[in-house]
Amino acid sequence: MAAAKIMTAIGLMSGTSMDGIDAALLQTDGDTVSGFGPSLSQPYDENFRDKLRALLGRDSDHNEDATAIGEELTDRHAEAVNRLLADNGLGPSDIDVIGFHGHTVFHQPEKGITRQIGDGGRLARQTGIKVVNDFRANDVAGGGQGAPFAPLYHAALSVKFEKPLAVLNIGGVANVTWISPDGGLIAFDTGPGNALIDDWVRDREGLAMDEGGKLAHAGTVNQAVLEQLMDNPYFDLPYPKSLDREDFDVIAATGLSTADGAATLVAFTAASIDAAAHQFPALPNRWLVCGGGRHNPALMAALRGLLLQPVEPAEMAGWQGDALEAQAFAFLAVRSLNGQPLSLPGTTGVAEPMRGGVLHHPA
Ligand SMILES: Nc1ncnc2c1ncn2[C@@H]1O[C@H](COP(=O)(O)OP(=O)(O)O)[C@@H](O)[C@H]1O
Ligand SMILES: [Mg+2]
(Lines give C-alpha, C1' and ligand atoms only; values in the text may rest on other atoms or scores of the structure.)
(Ligands and ions follow the chains in the order given, each with its own letter.)
Protein backbone atom coordinates (compact mmCIF):
# COMPACT_ATOMS: atom_id res chain seq x y z
CA MET A 1 0.00 0.00 0.00
CA ALA A 2 1.32 3.47 -0.88
CA ALA A 3 2.34 5.52 2.14
CA ALA A 4 -0.33 8.08 2.99
CA LYS A 5 0.59 11.74 2.68
CA ILE A 6 1.73 13.53 5.82
CA MET A 7 -0.61 16.45 6.37
CA THR A 8 -0.55 19.49 8.59
CA ALA A 9 -3.85 19.74 10.41
CA ILE A 10 -5.40 21.95 13.05
CA GLY A 11 -7.75 20.41 15.62
CA LEU A 12 -10.34 22.49 17.45
CA MET A 13 -12.06 21.32 20.62
CA SER A 14 -14.68 22.99 22.78
CA GLY A 15 -15.03 20.63 25.72
CA THR A 16 -17.86 19.96 28.14
CA SER A 17 -16.05 21.96 30.83
CA MET A 18 -17.01 25.01 28.71
CA ASP A 19 -13.72 26.68 29.63
CA GLY A 20 -13.05 27.62 26.02
CA ILE A 21 -11.52 26.52 22.73
CA ASP A 22 -8.35 24.46 22.42
CA ALA A 23 -6.59 24.70 19.05
CA ALA A 24 -3.59 22.54 18.16
CA LEU A 25 -1.51 21.85 15.11
CA LEU A 26 -0.45 18.29 14.27
CA GLN A 27 1.47 16.58 11.50
CA THR A 28 0.17 13.15 10.68
CA ASP A 29 -0.70 10.77 7.87
CA GLY A 30 -3.68 9.47 9.85
CA ASP A 31 -1.78 6.51 11.30
CA THR A 32 1.42 7.91 12.75
CA VAL A 33 2.07 11.22 14.45
CA SER A 34 5.06 12.90 12.79
CA GLY A 35 5.11 16.04 14.87
CA PHE A 36 3.31 18.16 17.43
CA GLY A 37 2.87 21.81 16.48
CA PRO A 38 1.97 24.86 18.53
CA SER A 39 -1.32 25.06 20.39
CA LEU A 40 -3.38 27.60 22.27
CA SER A 41 -6.39 27.85 24.53
CA GLN A 42 -8.86 30.69 24.05
CA PRO A 43 -11.13 31.01 27.09
CA TYR A 44 -14.82 31.84 26.76
CA ASP A 45 -16.18 34.82 28.67
CA GLU A 46 -18.82 34.13 31.31
CA ASN A 47 -21.52 35.60 29.08
CA PHE A 48 -20.83 33.13 26.28
CA ARG A 49 -20.63 30.24 28.77
CA ASP A 50 -24.13 31.17 29.91
CA LYS A 51 -25.35 31.09 26.31
CA LEU A 52 -23.89 27.60 25.82
CA ARG A 53 -25.23 26.43 29.16
CA ALA A 54 -28.74 27.48 28.12
CA LEU A 55 -28.57 25.08 25.16
CA LEU A 56 -27.46 21.99 27.08
CA GLY A 57 -29.82 19.05 27.18
CA ARG A 58 -32.01 20.32 24.30
CA ASP A 59 -31.88 18.97 20.78
CA SER A 60 -30.26 21.69 18.65
CA ASP A 61 -31.99 20.58 15.46
CA HIS A 62 -34.56 23.17 14.29
CA ASN A 63 -33.63 25.34 17.29
CA GLU A 64 -33.04 28.96 16.26
CA ASP A 65 -31.08 29.80 19.42
CA ALA A 66 -28.74 26.90 18.78
CA THR A 67 -28.20 28.04 15.19
CA ALA A 68 -27.37 31.61 16.24
CA ILE A 69 -25.08 30.53 19.07
CA GLY A 70 -23.52 27.95 16.75
CA GLU A 71 -22.59 30.80 14.40
CA GLU A 72 -21.07 32.79 17.23
CA LEU A 73 -19.19 29.67 18.35
CA THR A 74 -17.92 29.20 14.79
CA ASP A 75 -16.69 32.80 14.62
CA ARG A 76 -14.83 32.32 17.89
CA HIS A 77 -13.19 29.18 16.46
CA ALA A 78 -12.16 31.14 13.34
CA GLU A 79 -10.53 33.70 15.63
CA ALA A 80 -8.65 30.93 17.44
CA VAL A 81 -7.40 29.53 14.11
CA ASN A 82 -6.33 32.94 12.88
CA ARG A 83 -4.52 33.65 16.15
CA LEU A 84 -2.75 30.27 16.06
CA LEU A 85 -1.61 30.96 12.50
CA ALA A 86 -0.57 34.58 13.11
CA ASP A 87 1.32 33.77 16.32
CA ASN A 88 3.40 31.22 14.45
CA GLY A 89 3.99 33.04 11.16
CA LEU A 90 1.71 30.65 9.26
CA GLY A 91 -1.02 31.19 6.67
CA PRO A 92 -4.03 29.20 5.45
CA SER A 93 -1.98 27.63 2.66
CA ASP A 94 0.25 25.94 5.28
CA ILE A 95 -2.71 23.94 6.63
CA ASP A 96 -4.28 20.98 4.83
CA VAL A 97 -7.37 20.61 6.98
CA ILE A 98 -9.11 21.73 10.16
CA GLY A 99 -10.86 19.20 12.41
CA PHE A 100 -13.73 21.15 13.99
CA HIS A 101 -15.39 19.27 16.84
CA GLY A 102 -17.98 21.91 17.69
CA HIS A 103 -19.70 21.96 21.07
CA THR A 104 -21.84 19.05 22.24
CA VAL A 105 -25.21 20.32 23.44
CA PHE A 106 -27.18 17.08 23.36
CA HIS A 107 -25.97 13.48 23.52
CA GLN A 108 -28.49 10.62 23.53
CA PRO A 109 -26.84 7.79 21.62
CA GLU A 110 -29.54 5.30 22.60
CA LYS A 111 -31.94 7.45 20.52
CA GLY A 112 -29.36 7.71 17.74
CA ILE A 113 -28.78 11.41 18.43
CA THR A 114 -25.68 13.40 19.25
CA ARG A 115 -25.50 17.09 18.43
CA GLN A 116 -22.47 19.33 18.17
CA ILE A 117 -23.23 22.92 17.26
CA GLY A 118 -20.90 24.80 14.91
CA ASP A 119 -21.07 25.56 11.19
CA GLY A 120 -18.33 23.78 9.19
CA GLY A 121 -19.01 25.66 5.93
CA ARG A 122 -18.84 29.01 7.70
CA LEU A 123 -15.52 28.09 9.36
CA ALA A 124 -14.06 26.98 6.01
CA ARG A 125 -15.10 30.28 4.39
CA GLN A 126 -13.77 32.36 7.27
CA THR A 127 -10.39 30.64 7.43
CA GLY A 128 -9.86 29.71 3.78
CA ILE A 129 -9.06 26.15 4.92
CA LYS A 130 -10.87 22.85 4.35
CA VAL A 131 -12.89 21.82 7.41
CA VAL A 132 -14.08 18.41 8.60
CA ASN A 133 -16.80 18.43 11.27
CA ASP A 134 -19.67 16.27 12.52
CA PHE A 135 -17.32 13.46 13.53
CA ARG A 136 -19.73 11.60 15.78
CA ALA A 137 -22.97 11.46 13.79
CA ASN A 138 -22.20 8.41 11.62
CA ASP A 139 -21.11 6.39 14.61
CA VAL A 140 -24.33 7.10 16.50
CA ALA A 141 -26.42 6.43 13.40
CA GLY A 142 -24.58 3.08 13.14
CA GLY A 143 -25.55 2.13 16.68
CA GLY A 144 -22.37 3.39 18.39
CA GLN A 145 -22.12 5.56 21.49
CA GLY A 146 -20.59 8.42 19.46
CA ALA A 147 -18.00 8.73 22.22
CA PRO A 148 -15.22 8.62 23.22
CA PHE A 149 -13.51 9.68 20.00
CA ALA A 150 -9.92 10.26 21.09
CA PRO A 151 -8.96 6.55 21.58
CA LEU A 152 -7.51 5.98 18.11
CA TYR A 153 -5.30 9.01 18.72
CA HIS A 154 -4.33 7.74 22.16
CA ALA A 155 -3.34 4.45 20.53
CA ALA A 156 -1.28 6.20 17.84
CA LEU A 157 0.59 8.11 20.54
CA SER A 158 1.18 4.98 22.61
CA VAL A 159 2.74 2.62 20.07
CA LYS A 160 6.13 2.68 21.76
CA PHE A 161 4.89 2.28 25.34
CA GLU A 162 4.52 -0.84 27.41
CA LYS A 163 0.97 -2.24 27.62
CA PRO A 164 -1.59 -2.60 29.00
CA LEU A 165 -1.77 1.15 29.32
CA ALA A 166 -4.59 3.44 30.39
CA VAL A 167 -4.94 6.93 28.96
CA LEU A 168 -7.32 8.94 31.09
CA ASN A 169 -8.77 12.22 29.87
CA ILE A 170 -10.30 14.31 32.64
CA GLY A 171 -12.41 16.93 30.89
CA GLY A 172 -15.91 17.96 31.96
CA VAL A 173 -16.76 14.26 31.61
CA ALA A 174 -13.89 11.78 32.07
CA ASN A 175 -13.07 9.03 29.61
CA VAL A 176 -10.52 6.27 29.52
CA THR A 177 -8.76 4.32 26.77
CA TRP A 178 -7.33 0.95 27.75
CA ILE A 179 -4.78 -0.40 25.29
CA SER A 180 -3.92 -4.10 25.36
CA PRO A 181 -0.49 -5.56 24.57
CA ASP A 182 -1.65 -6.41 21.04
CA GLY A 183 -2.96 -2.85 20.50
CA GLY A 184 -6.64 -3.70 21.08
CA LEU A 185 -8.72 -0.83 22.43
CA ILE A 186 -11.42 -0.51 25.04
CA ALA A 187 -12.75 2.95 25.71
CA PHE A 188 -15.67 4.51 27.55
CA ASP A 189 -16.75 7.47 29.61
CA THR A 190 -16.01 6.74 33.26
CA GLY A 191 -18.29 9.33 34.88
CA PRO A 192 -17.96 12.99 35.75
CA GLY A 193 -14.60 14.66 35.33
CA ASN A 194 -14.39 18.33 36.29
CA ALA A 195 -17.93 19.40 35.41
CA LEU A 196 -19.55 18.76 38.82
CA ILE A 197 -16.65 20.36 40.71
CA ASP A 198 -16.89 23.39 38.42
CA ASP A 199 -20.69 23.57 38.81
CA TRP A 200 -20.40 23.30 42.58
CA VAL A 201 -17.88 26.12 43.04
CA ARG A 202 -19.74 28.28 40.55
CA ASP A 203 -23.06 27.86 42.37
CA ARG A 204 -21.50 28.40 45.80
CA GLU A 205 -18.71 30.92 45.22
CA GLY A 206 -19.14 32.22 41.68
CA LEU A 207 -15.79 30.63 40.76
CA ALA A 208 -14.97 29.12 37.37
CA MET A 209 -12.99 26.27 39.00
CA ASP A 210 -11.51 25.10 42.28
CA GLU A 211 -8.09 26.48 41.38
CA GLY A 212 -5.33 24.22 42.66
CA GLY A 213 -7.92 22.05 44.42
CA LYS A 214 -7.81 24.52 47.36
CA LEU A 215 -11.42 24.10 48.47
CA ALA A 216 -11.29 20.31 48.12
CA HIS A 217 -8.08 20.17 50.15
CA ALA A 218 -9.74 22.20 52.91
CA GLY A 219 -12.77 19.91 53.08
CA THR A 220 -13.58 16.40 54.23
CA VAL A 221 -15.20 13.74 52.08
CA ASN A 222 -18.74 12.98 53.22
CA GLN A 223 -18.89 9.19 52.86
CA ALA A 224 -22.69 8.99 52.90
CA VAL A 225 -23.00 11.49 50.05
CA LEU A 226 -20.20 9.77 48.17
CA GLU A 227 -22.01 6.44 48.48
CA GLN A 228 -25.22 8.05 47.28
CA LEU A 229 -23.42 9.49 44.24
CA MET A 230 -21.78 6.15 43.46
CA ASP A 231 -25.12 4.35 43.79
CA ASN A 232 -25.75 4.84 40.09
CA PRO A 233 -26.37 1.99 37.62
CA TYR A 234 -24.01 3.60 35.09
CA PHE A 235 -20.93 2.36 36.92
CA ASP A 236 -21.99 -1.29 36.65
CA LEU A 237 -23.09 -1.04 33.04
CA PRO A 238 -20.79 -2.99 30.76
CA TYR A 239 -18.86 -0.91 28.21
CA PRO A 240 -19.22 0.53 25.62
CA LYS A 241 -21.01 3.41 27.31
CA SER A 242 -20.98 7.18 27.19
CA LEU A 243 -22.43 10.09 29.09
CA ASP A 244 -24.06 13.43 28.53
CA ARG A 245 -22.65 16.23 30.70
CA GLU A 246 -26.14 16.54 32.18
CA ASP A 247 -26.34 12.89 33.32
CA PHE A 248 -24.94 13.78 36.76
CA ASP A 249 -25.61 16.71 39.06
CA VAL A 250 -24.54 18.11 42.42
CA ILE A 251 -27.93 17.77 44.17
CA ALA A 252 -26.74 15.03 46.55
CA ALA A 253 -24.13 17.44 47.94
CA THR A 254 -26.63 20.24 48.68
CA GLY A 255 -26.38 20.03 52.48
CA LEU A 256 -22.57 20.15 52.58
CA SER A 257 -20.25 23.09 53.15
CA THR A 258 -18.50 24.39 50.03
CA ALA A 259 -15.22 22.74 51.01
CA ASP A 260 -16.75 19.38 52.02
CA GLY A 261 -18.80 19.37 48.82
CA ALA A 262 -15.68 20.03 46.72
CA ALA A 263 -13.80 17.24 48.54
CA THR A 264 -16.72 14.84 48.07
CA LEU A 265 -17.13 15.63 44.36
CA VAL A 266 -13.40 15.14 43.82
CA ALA A 267 -13.72 11.77 45.59
CA PHE A 268 -16.70 10.96 43.35
CA THR A 269 -14.75 11.55 40.14
CA ALA A 270 -11.86 9.47 41.50
CA ALA A 271 -14.13 6.64 42.69
CA SER A 272 -15.87 6.44 39.32
CA ILE A 273 -12.48 6.13 37.60
CA ASP A 274 -11.51 3.38 40.04
CA ALA A 275 -14.78 1.62 39.21
CA ALA A 276 -13.82 1.78 35.53
CA ALA A 277 -10.44 0.21 36.30
CA HIS A 278 -12.29 -2.79 37.70
CA GLN A 279 -14.00 -3.29 34.34
CA PHE A 280 -10.79 -3.60 32.32
CA PRO A 281 -9.78 -7.14 31.26
CA ALA A 282 -6.43 -6.59 33.03
CA LEU A 283 -5.02 -3.77 35.13
CA PRO A 284 -2.91 -1.23 33.22
CA ASN A 285 0.71 -0.81 34.24
CA ARG A 286 0.34 2.98 34.36
CA TRP A 287 -2.20 5.76 33.92
CA LEU A 288 -1.32 8.68 31.69
CA VAL A 289 -3.63 11.59 32.46
CA CYS A 290 -4.57 14.40 30.10
CA GLY A 291 -7.20 17.14 30.29
CA GLY A 292 -7.69 19.91 32.82
CA GLY A 293 -8.35 17.55 35.72
CA ARG A 294 -4.65 16.73 35.94
CA HIS A 295 -4.10 20.35 37.04
CA ASN A 296 -6.25 19.73 40.11
CA PRO A 297 -3.86 18.38 42.77
CA ALA A 298 -6.74 17.25 45.00
CA LEU A 299 -8.07 15.08 42.17
CA MET A 300 -4.65 13.67 41.30
CA ALA A 301 -4.06 12.84 44.99
CA ALA A 302 -7.46 11.12 45.22
CA LEU A 303 -6.66 9.04 42.13
CA ARG A 304 -3.25 8.08 43.49
CA GLY A 305 -4.93 7.02 46.72
CA LEU A 306 -7.30 4.64 44.90
CA LEU A 307 -5.48 3.32 41.85
CA LEU A 308 -2.79 0.72 42.33
CA GLN A 309 -0.58 1.84 39.45
CA PRO A 310 1.37 5.06 38.85
CA VAL A 311 -0.87 8.00 37.86
CA GLU A 312 1.19 10.38 35.75
CA PRO A 313 0.43 13.54 33.80
CA ALA A 314 0.61 13.06 30.03
CA GLU A 315 3.75 15.20 29.97
CA MET A 316 5.61 12.23 31.49
CA ALA A 317 5.10 10.50 28.13
CA GLY A 318 6.24 13.60 26.23
CA TRP A 319 2.66 14.55 25.33
CA GLN A 320 0.89 17.90 25.67
CA GLY A 321 -1.91 17.23 28.11
CA ASP A 322 -3.88 20.41 27.45
CA ALA A 323 -3.73 20.09 23.67
CA LEU A 324 -4.33 16.36 23.38
CA GLU A 325 -8.07 16.40 22.67
CA ALA A 326 -7.65 19.14 20.06
CA GLN A 327 -4.79 17.16 18.48
CA ALA A 328 -7.09 14.14 18.38
CA PHE A 329 -9.52 16.01 16.14
CA ALA A 330 -6.67 17.10 13.86
CA PHE A 331 -5.73 13.41 13.61
CA LEU A 332 -9.34 12.39 12.97
CA ALA A 333 -9.78 15.06 10.29
CA VAL A 334 -6.87 13.56 8.37
CA ARG A 335 -8.30 10.07 8.85
CA SER A 336 -11.65 11.33 7.57
CA LEU A 337 -10.00 12.73 4.42
CA ASN A 338 -8.20 9.39 3.95
CA GLY A 339 -11.42 7.42 4.38
CA GLN A 340 -10.03 5.65 7.46
CA PRO A 341 -12.34 4.65 10.33
CA LEU A 342 -12.79 7.09 13.22
CA SER A 343 -14.29 4.62 15.67
CA LEU A 344 -14.19 0.89 16.37
CA PRO A 345 -16.43 -1.68 18.08
CA GLY A 346 -14.15 -1.48 21.13
CA THR A 347 -14.23 2.31 21.39
CA THR A 348 -17.88 3.19 20.81
CA GLY A 349 -19.64 -0.16 20.42
CA VAL A 350 -20.35 0.52 16.76
CA ALA A 351 -20.93 -2.73 14.84
CA GLU A 352 -17.88 -2.34 12.58
CA PRO A 353 -15.07 0.19 12.13
CA MET A 354 -16.87 3.37 11.14
CA ARG A 355 -15.81 6.26 8.95
CA GLY A 356 -17.22 9.69 9.48
CA GLY A 357 -16.87 13.43 9.31
CA VAL A 358 -18.33 15.92 6.84
CA LEU A 359 -15.99 17.87 4.56
CA HIS A 360 -16.52 21.57 3.82
CA HIS A 361 -14.54 23.50 1.22
CA PRO A 362 -13.70 27.20 1.59
CA ALA A 363 -15.14 28.25 -1.78
N1 LIG B 1 -5.24 24.87 37.98
C2 LIG B 1 -6.36 24.13 38.05
N3 LIG B 1 -6.86 23.77 39.24
C4 LIG B 1 -7.99 23.05 39.35
N5 LIG B 1 -8.69 22.64 38.27
C6 LIG B 1 -8.25 22.96 37.05
C7 LIG B 1 -7.06 23.73 36.88
N8 LIG B 1 -6.86 23.89 35.54
C9 LIG B 1 -7.90 23.26 34.93
N10 LIG B 1 -8.73 22.71 35.83
C11 LIG B 1 -9.99 22.00 35.56
O12 LIG B 1 -10.00 21.57 34.20
C13 LIG B 1 -11.16 22.05 33.54
C14 LIG B 1 -10.89 22.21 32.07
O15 LIG B 1 -10.56 20.93 31.59
P16 LIG B 1 -10.60 20.58 30.05
O17 LIG B 1 -9.68 19.45 29.84
O18 LIG B 1 -10.40 21.80 29.24
O19 LIG B 1 -12.07 20.06 29.89
P20 LIG B 1 -12.95 19.98 28.56
O21 LIG B 1 -12.22 19.07 27.65
O22 LIG B 1 -14.25 19.44 29.05
O23 LIG B 1 -13.03 21.39 28.06
C24 LIG B 1 -11.52 23.32 34.28
O25 LIG B 1 -12.87 23.65 34.09
C26 LIG B 1 -11.17 22.91 35.72
O27 LIG B 1 -12.20 22.16 36.29
MG1 LIG C 1 -11.54 22.69 27.70
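In the set 59, 29, only one residue is more than 30 Å from residue 207 (Cβ to Cβ), surrounded by 16 or more Cβ atoms within 10 Å (Cβ to Cβ), more than 14 Å from ligand 1 (Cβ to nearest atom) and not assigned by TED's automatic domain parsing to the domain that holds residue 170; that residue is 29.
Any residue at all in the stretch 49-66 that's part of a loop (DSSP other than H, G, I, E, B) and within 19 Å of residue 326 (Cβ to Cβ)?
Checked the stretch 49-66: no residue is part of a loop (DSSP other than H, G, I, E, B) and within 19 Å of residue 326 (Cβ to Cβ).
Is it true that some residue in the stretch 202-223 is under 29 Å from residue 113 (Cβ atoms) and within 16 Å of ligand 1 (Cβ to nearest atom)? Yes, there is a match, as at least one residue in the stretch 202-223 is under 29 Å from residue 113 (Cβ atoms) and within 16 Å of ligand 1 (Cβ to nearest atom).
As for the stretch 4-21, it holds no residue that is within 16 Å of ligand 1 (Cβ to nearest atom) and of a type in the set (Lys, Arg). Just one of (1) free of Cβ contacts under 8 Å to residues at least 12 places away in the same chain; (2) surrounded by 17 or more Cβ atoms within 10 Å (Cβ to Cβ) fails for residue 42. It is (1).
Conditions (1) aliphatic (A, V, I, L, M); (2) modelled with pLDDT under 95; (3) within 16 Å of ligand 1 (Cβ to nearest atom), marked per residue:
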residue: 86; (1), (2), (3): yes, no, no
residue: 94; (1), (2), (3): no, no, no
residue: 118; (1), (2), (3): no, no, yes
residue: 147; (1), (2), (3): yes, no, yes
residue: 171; (1), (2), (3): no, no, yes
residue: 178; (1), (2), (3): no, no, no
residue: 185; (1), (2), (3): yes, no, no
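Within the stretch 32-47, restricting attention to residues that are away from ligand 1 (no atom under 16 Å from the Cβ) and not hydroxyl-bearing (Ser, Thr, Tyr), the residue that is nearest to residue 81 (Cα to Cα) is 38. Screening the stretch 108-205 for helices (runs of 4 or more DSSP H) wholly inside it with 1 or more residues that are farther than 30 Å from residue 360 by Cα and within 16 Å of ligand 2 (Cβ to nearest atom) returns the ranges 195-205.
The values are calculated or read from the model by the stated rules, or taken from the named source; none is laboratory data. No experiment lies behind these values; they were computed from the predicted model shown. Ideal geometry is used to build each Cβ from the backbone, glycine not excepted, and the neighbour counts take in all protein chains shown.
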